[in-house]
Every structure is written in structure tokens, then in C-alpha cells.
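Report on the structure given below.
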Amino acid sequence: MIRDLTAHTAILTSFLFIAGQIFRRYPTSLNVYTKLLTGLVAGVLGSILMVLYSIPVEGGIQLDFRFFAILLAALYGGPIASLLCVFIISSSRIFFYEWSSASITACAAMLVLSICCIFLARTSFSILVKSAAMNVVSIGIVMVSYYFLVEDRETLQQVYTAILLAGLPSGFFLSFVAEYINKSNIQFHNLKNISSKDFLTGINNVRRFDELMNTNVQKALKTGKSLSILLIDLDHFKQVNDTYGHPAGDAVLQQTARILERHARNKEEVSRNGGEEFSVLLYDCSLEKAGRMAETVRQAIESEAFMLPDGTAIRLTASIGAACYPENAARPDLLFETADRGLYAAKRNGRNRVGYAEQEEFSSEKKQRTKETV
């Protein structure tokens, strides 16, 4: 039994590393979808251990490490994941094995185990302490359930010996591996955020903007839909730094980023391109709609009372350049340049306004025709 249960540990370890790769793509903060996915993966894992690798004891009673799947689901997925895991494993127990007192006891034990693990997971102890407590409690519940199921005392003693010699060390080892994978994924997401987010405002940096720009350009070319961009530049921002200091300027930039996030269709569309210049990418958005959004943003910035670290409130305005492929940018690679010329036009015409540029290729053709006429 001990050798078979040790094989269970190897299977669980392999599964944890595979699951770690699956969950690496998701944010570290759990949403309902991630919780459901955690419960589903853990339930499938527990069912596989029970159906394919369980050790027959007597009278339809099976010995396996399915309870580790419930433990991990409660620890990293919360109540939703843990209860979903129990439901999947219990359903598999009833479906693949006959309905008997052993099945009822097993399902009840898993439910009690899940509730205990959920309670322990919500305590304020460290992950390793919580997992150790869950491990001990889980093994205790499993041993109690086998006490009522296994009639032969000698067989029961063998089961207890196998659980204690293989279960306790395996539980601590698997908890360590799971936490190692979890911390690795957290570090991966932190590094990903550092490489793609602006350190000051928390929105996309220029590197992420370039990635989104390329992705949206390819999408626009493939689907034939429009792609618009807004370039936002704070008017006379240098005076804020010169008059109130750089911490005040940083506060203004942070508040501007929040304004843009509130008015953008999606926070992922907003970027800081450097200094006091921001941008908003708008896929499948006409120039008219982009212009309306630009005007909304301009008015929001104009009416905002920017609070500085010393408690002073100041007013600022912004100039915005708007461009859209294919309406006033003949090619996608001219989109940013066209918006930049619109921004320059807004500043040249008095600031605190939305500016547009003519389509560059069309303008060149007009100039060429004028020269030929002359």
C-alpha cells in the first residue's frame, strides 16, 4: 500500500506542475471563472486518482489520495472551487462504483473534509501553516471514515499505517510544491506587469502600447474595421513641475490616468507614452465616435480639480489629437503620425481642444496636383 500511495504522490506532483502552467496565464487575483477552473481541475485530478489508481481494500472500499485535491482546491480556489471539486469527485464515485454504504460514507467524508479545509483556508495563518493543518485534519477525517467502513481490524491497521507513513509526508511535500508553483506564478505576473505597466500610473507603458498597436493594426487589416487613436497631452504641464515640484507633477499624471480609465471603453486601451502624453487605442471606432470621446475626455480633464500632495487644488487643460484608419490616415502605419499632427494642430490653434489632421497621402496628392497646374 505504501508503495502504491507513493506513486500517487508522484502523479499529484506531476499534475501540480501541469496545472501551474495552465494557471500561469491567469492573474493572481481570483475571479469566479478562475475559481471554477480550479475546482474543475482539482475535481478531475481527484477522480483520476480514485478511478484509475485507487487501491482496493475490502467490500468496495478504495484507498487513494483524492483528499489532497480537495485540500488544494480549498487552499488556492476558495469555497467555490472546493465544493465543485467535492461534487465532481462524489459524482465520479457514484458513477464508477456501485451505490453502497461505502459510497455514502466517502461522499459525506469528502464534504466534511471540504468544509473543514474551507474554514482553515480563511484563517490568517501562512499558507504553509494552513496547508499543514489541512493535511492533518484531512488524514484524521479519512482515518475516521475507514474506521467505520473496514471491518477487519488487521486490514484497518494496514490502512492506517499506509496513510500515516505515506499520507503525512506526502501532504507536507505536496503543499510545499504547490506553494512553490504558486509563488513562481506570482513572480511571473509581477515581472510581466513590470515590463508592460507604467511604474507611476499603473496603466500601459510605451512598450505595451506598441504591442497593442501592432495587434490592433493586424486585426483591423484582417477584418477591414476601423482603428482610431487619441493622443492626449496636458497643456503647460512643465509649469506644474516648476511651480509645485515633481511630486505634484506625478500626482497630476496619476489622476489623469484615472480619468482616462473612467472614460475609455476598456482600461487596456489606455497607455502613457512618456512624459505628460497619453494615448487611447479604439478598435472598431470611427473618427466621429473617437472625436466625441476625445471631447468627453477633454471636458473631464478641464473640469477636474487636481489635488496635489500639499492639499492644493489646481486646474489643467489638455490638447488631444484624433486619427482614424482609414478615414484620415491612409495607412495603419500613418495612424500615430496623423494623430500627432492633429495634436500639434490643437496646440497651434490655442490648446484645450481636439485637433485633426488631413489624410497625409491625400494631402500629398493635392500638393502634387497644385504644382503640376502651376
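Here, each number is a calculation from the coordinates, and none is a lab measurement. Source: prediction; values computed, not measured. Positions of Cβ are backbone-derived with ideal geometry, glycine not excepted, and every protein chain shown enters the neighbour counts.
A few points about this structure:
- Relative contact order for the chain: 12 percent, from Cα pairs under 8 Å spaced at least 6 residues apart, divided by residue count.
- Springs between Cα atoms under 10 Å define the GNM used for the chain, and in it the highest mean-square fluctuation of Phe95, Phe199, Phe176 occurs at Phe95.
- Peptides 227-236, 273-282 ranked from most to least packed give 227-236, 273-282, packing being the mean of other C-beta atoms within 10 angstrom over each peptide's residues.
- Compactness of the stretch 206-373 was expressed as the Cα radius of gyration divided by 2.2 N^0.38 Å, which yields 1.10.
- Mean shadow area of the stretch 229-294 over all directions, Cα convex hull, nm²: 4.4 nm²
- Anchor Lys225: aspartates and glutamates whose Cα lies under 18 Å away (excluding residues fewer than 8 positions away in-chain): Glu269, Asp284, Glu288, Glu327, Asp333
- Each Lys and Arg Cβ is given +1 and each Asp and Glu Cβ -1; about its Cα centre, the chain then shows a dipole of about 480 debye.
- Which listed pairs, of Lys238/Lys347; Lys238/Lys289; Lys222/Lys289; Lys197/Lys347; Lys197/Lys267; Lys130/Lys183, have C-alpha distances above 23 Å, in listed order: Lys238/Lys289; Lys197/Lys347
- Working from the Cα coordinates of the chain, the gyration tensor eigenvalues give, after taking √(5λ), semi-axes of 62, 23, 15 Å in decreasing order.
- Size of the stretch 2-196: Rg and Dmax of its alpha carbons, in Å, are 16.6, 62.
- Computed [θ] at 222 nm, deg cm²/dmol, the chain (DSSP H ≥ 4; -39,500 (n - 2.57); rounded to nearest 500): -22500 deg cm²/dmol
- Placing a label point 7 Å from the Cα of Lys219 along the Cα-to-Cβ direction, the residues of the stretch 327-347 whose backbone N falls under 20 Å from that point are 327-329, 331-337, 339.
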